[in-house]
Each structure stands twice: as structure tokens, then as C-alpha cells.
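The values are calculated or read from the model by the stated rules, or taken from the named source; none is laboratory data. Quick caveat, the model's predicted, so the values are computed rather than measured. Quick reminder, even Gly has a Cβ in these numbers, built from the backbone with ideal geometry, and neighbours come from all protein chains shown.
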Amino acid sequence: MKSRMPGLCWLLFLCAAGAHAATSEAALQMYTRANHSLDGEWKVIVDPYENGYYNYRYEPYDQQPDPPVGAFFTDSKMKTPSELIEYDFDKAISLQVPGDWNSQDPKLYYYEGSVWYRRKFDAPAHGASDRVFVHFGAVNYRADVYLNGKKLGVHEGGFTPFHFEITGRLKDKGNSLILKVDNKRHADAVPTLNTDWWNYGGITRSVDLVVVPAVFVRDYQLALTSLEDREVAGSVLLDGAKGGETVTLSLPELNIRETRAVGADGRAAFRFRVPEAQLWSPRDPRLYRLVIATADDTLVDRVGLRSIATRGKRLLLNGEPLFLRGISIHEEYSAEGGGRVRNAQEAKQLLSWAKELGSNFVRLAHYPHNEHIVRLADEMGLLVWSEIPVYWTIDWNNEGTYRNAEDQLAAMIGRDRNRASIIIWSLANETPVSGARNRFLSRLAAKARTLDDSRLLSAAMEKHYRSDNPDVAVVEDPLADMVDLVSFNQYIGWYDGLPEKAERVRWEIPYDKPVFVSEFGGDARQGRHGDANAIWTEEYQEDLYLKTLPMLDRIDGYVGVSPWILADFRSPRRLLTGIQDEYNRKGVMSEKGVRKKAFFVLRDYYRRKAEGR
Ligand code: GCU
């Protein structure tokens, strides 16, 4: 992965400080802890030339042993009336955290560059032997993080959590936490330069201080491993343990209380049976209280127990055939002009709209969504497809790009592998077939299976037509051999002919695996009406749905669909004035949540599916 700090010493420093250590560093489960929130108003300085990071010779200030006052991360104040300092966070403008900058300040709507964020805070109450972490839900895209003028590290990847331990680095009062947030796009990044979504920059998810004892419950994993025997297996990781410390894992409602001693690596394994457990499903999203306790620490969570599997072309949830009544969703809530989802209320609104459709499944495109969404899916009974932004034309030959993708995969799985709602990890979206791409994704698939072998792998592939018959659509991709669910996006009626083409096309998908249609759709400006052959109207989109759905029902092995997309969303690629106005209009709802005619076609289809018709 690219770092602006050449020289082994700095790289070692970064690794030591926790930067780029995502894959080797276990997740920090903190969502259910009583954390100290740093959300709210942060002071910001917009710095397009990164004047606070580089000197006039374009040398990074933070590679100097003693950075000058001109380095913004020193948060310097004048000490004499004549001292020259050309910035002042106290006088700067403010932005809300969490939140992207694009939708908070009209001057930042199109901005791609660096913004400095500063939050002053007093040390949270903590004992002499306690440990303190600073945890970021996500920052898009690159974060250089400093505390009291000292660099904590760097994180790349706009949609996954990261943290740094700051034990012993805090003052009682007036600590200065500063980030340089840079959302510039790069060809070797993940995602790469070109995406069909808005490049929202900023500290887009919550920031928390986490205070824990010297030995604490850092991470755990728990899953049903045998449906027949109702067997559960898992492990707990104690951070700071020397080995021999005891940890107790309880599911009180199931009369489970197991105590183990951890090994020298801080880990303890558990395996037990839960014959009375009610299995988690969309119809009955039963969650159980989980308590993991040591002498000094207790972590409480809520978990569901369920089994997801494939058998030939069948998809099985808890041993029963499953049809995925899905909808694709971007993590954007524009109803009040916003951008990235900022809180649980907005997350719940999106998922409630999906439930109104009759969905039992959401495809969270094209990156890991915030933790509110996946936890609400657990509560609301929505199955989930979760994905890393290996999207379109990634730099397949670049080892740093691969490591970035793997870091994001590990962070996604590390954060969410205990969410019963998540049944599919998706590795990629619409990536062009090549040897380099196949090798990249094959490595990623193998890594995903070592991180979590309890879920299905998939990825949206593309289709092509048989050369000897333009009415036979084929899904054939080496990626299909690497995954459990053959998924593909198809746009007959939009990018590919007119809707009536769906009435004559048949599909060849030569795999003994379930088939999932991960996208189809067409744009409609909500409120624009006309004949069914008039593009951009609700009637055109409605007709496209009416003609597509029966075609999908004819596919052998068809186990579900997630039409593109729940709600219109911002995209810099959608520039048709008066129609798109920088929105992709394939939503079955407008960005304000106003339903279009296609919404009702899909809802009726899902009602019939739910009744087994
Ligand atoms: C692609 C892609 C989406 C995109 C959509 C569209 O399939 O997966 O991210 O927004 O098509 O073109 O609207």
C-alpha cells in the first residue's frame, strides 16, 4: 500500500502505531460498550494544497523529528506577538461528525482533497492500569491521525473501522485529536478512480474513546456450526492476557454458562449445544443476550443463531429453501438533502422502506455500510449481502492495491461476522475478466474463507450473449468457481435493448450453484409520466420491471433478486439536466422516499413470492 513516508523506519513506526495493521490486528468490538463519544462539532480547515502537511519544498512535516509550528497537526498558538502562524483551528469553521463534508457545506459539494479536522477533549475517567483507544467508524478515504502533535498512524479505506491505542498519550485536559482527511481518488486505490456514486469525503461515521481494563475482551466470534445438533462454536480474544486468565461466555436465556482459561495468545475456544435455541430468520429474528466476562471486564452483545448453506442449486436458511426478495441499497440518505447515513434513525428509515417493499434481503452496495445498518438488519429480520468496493477496473497487478482490498475485507468481516443477518460476503462488483483479476479475486476468496467459513461468498459478474444466438444470455466467469452463489447484474431494457427484449431472452448459467440476480433496473424521474416507451418516465421503469421479473422466474436455479436500487442516489456520472441532475434515478423511490410506479410492481411480485406463488 502506498505510503508517503519513504524509508523503513517510518514504515515500521506506522506498523507499530497500528497503521496498515488491520489484517493482522484483531477487530475491536466496541459498539455495545459505554464509550466516550467525540461526535459533534469539529473544527476544520480546508487545505487543497496540503499546506499544513508539506513545507514549501513539498517535504512532509511529519517526517521531521521536530515539526515546526506551521504543521497543522501541532495545533500551535502564538507564543509571542510577532510569531508567524498561518492557521488557527479555534477560528476555523466547523463540521459535524459523523457526516460527509459535501452535504454540509455548499463550498465542499464537489471538493476532493484534504480537510483537517480537530477535536479538543479532556481525558475520560480511567484508572492507572486502564487502557484507552480511539476508534473511528469510517473516514473516507485516507486519514493521517495525530494526537497532541504526535502521529498515531495512517488508515486507507473509506468504509471500514480502525482504531489506535492511546494509553499513556493523554493529558488530563485539552487533548488535541487532529486528522488530515483526504478523499482524492487514485487509480491504485479501492475503489479506483471511477465509481457510480458520490465521493463523499470526511469523518463519515462516529468517533469514540474506548476505556477498557488492562486485560479486556477485545473480540469474539460465535456461530451455529451444526444445524442438526444445534451446536455452537466460537472463540474469545482477551487483549493484554498472559495466558491462564479465565473468561466466561454466557447465553443466559439458553442456560449456557461456559468458563475457559485463555492460552498465551489470549484466545479461548468454546463449543456447546443449544437444543432449545430458536433459530434466527427474517420471519423470527430471534436474538439472544450474550455476556462475555473476565475478572475485570464484561462485554455484552445480542446474537442470532442460524445456518446458511447451498445444496446444488438450492439456497437453504436453517435447512429450508430460501428465496431472496431483495433490494440494493447505497448508504445514502438524501431525504433531507443529506449524503452518507449519519445515525441509526436514518439507517432505520432505509431498512423500513425495504421492509415496505416486502423485502427479506438487502444488498448493501458497494462497500461495507455503517454498523447501525447491519445491527438493525439483525433486529428487523433482513438478510444482508455485504461487499468491499472492489468495483469495476481495479489495479489488479498492484500488490499494494491487493493488500488494501484484503485489509478492507478483514475489517468488514472482523466487525460484522457475529451478525446473523449477514449471509453473503461479496468480493467485487462487475469486474472485467482477466488473468490478473482472476488471481486477485482468487486470493481474496481464499482469504475470506480463512476469516469466516460460515457464510457464502459471491460477487456480481457480468453476462454476455452467445455468439451464435443473440437471444441466449450467458453467465460464464472464472469467478463463479470461486464463490458459492452465482450472481450477476443485467440491464436488459436499459443499457441492453428495450424492455420487450426480456420477453424473448433465455439464460444459460452452467453451474450447479444457486443463481442470484444482483442488479437490474432503469432510471425514472419521480413524477415524470408518459407512455411506457418514453424513457425517464415512471411508466417506462414500471414496464421494464413488469417484463423483467417473469424473465428472471424462468432462470434455472434462480433464488432471488436485488433490483437496482431502493432510492435515487447522487452520482457524478449522471448529468442529464432536468432529469438526473447528478442523481442516478434507478431508485424505485426518489431520494426523498417518494414511491415510483415500479415500487408497487416489485412489492406485488414479492407478495406473490412470500405466498409461494
Ligand atoms: C452497475 C453498477 C452500479 C451502477 C449501475 C447503474 O451495475 O453495479 O453501481 O450504479 O450499474 O449503471 O446504474
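Numerical summary
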item	result
All positions within region 547-597 that are in a helix (DSSP H, G or I) and of a type outside the set (Asp, Glu)	547, 548, 549, 550, 551, 552, 597
Strands (runs of 3 or more DSSP E) wholly inside region 34-138 that include at least 1 residues being more than 26 Å from residue 200 (Cα to Cα) and of a type in the set (D, E, K, R)	131-136
Top-ranked residue in region 411-432 [being under 24 Å from residue 560 (Cβ atoms) and in a loop (DSSP other than H, G, I, E, B); ranked as nearest to the ligand (Cβ to nearest atom)]	430
Search result, residues across region 232-249 that are surrounded by fewer than 19 Cβ atoms within 10 Å (Cβ to Cβ) and under 27 Å from residue 308 (Cα atoms)	233, 235
Lone unmet requirement of (1) outside any strand (DSSP E or B); (2) closer than 25 Å to residue 388 by Cα; (3) not assigned by TED's automatic domain parsing to the domain that holds residue 101 for residue 241	(2)
Exclusive hit being at pLDDT 95 or above, touching a Ser or Thr at 6+ places or on another chain (Cβ under 6 Å) and within 16 Å of the ligand (Cβ to nearest atom), set 571, 518	518
Counted residues, region 548-591 - those being touching a Lys or Arg at 6+ places or on another chain (Cβ under 6 Å), more than 20 Å from residue 348 (Cα to Cα) and of a type in the set (S, T, N, Q)	2
Top-ranked residue in region 190-207 [being among the aliphatic types (A, V, I, L, M) and within 15 Å of the chain's Cα centre (by Cα); ranked as nearest to the ligand (Cβ to nearest atom)]	190
Qualifying residues in region 474-515 (those that are within 14 Å of the ligand (Cβ to nearest atom) and outside any loop (DSSP other than H, G, I, E, B)) - the one surrounded by the fewest Cβ atoms within 10 Å (Cβ to Cβ)	496
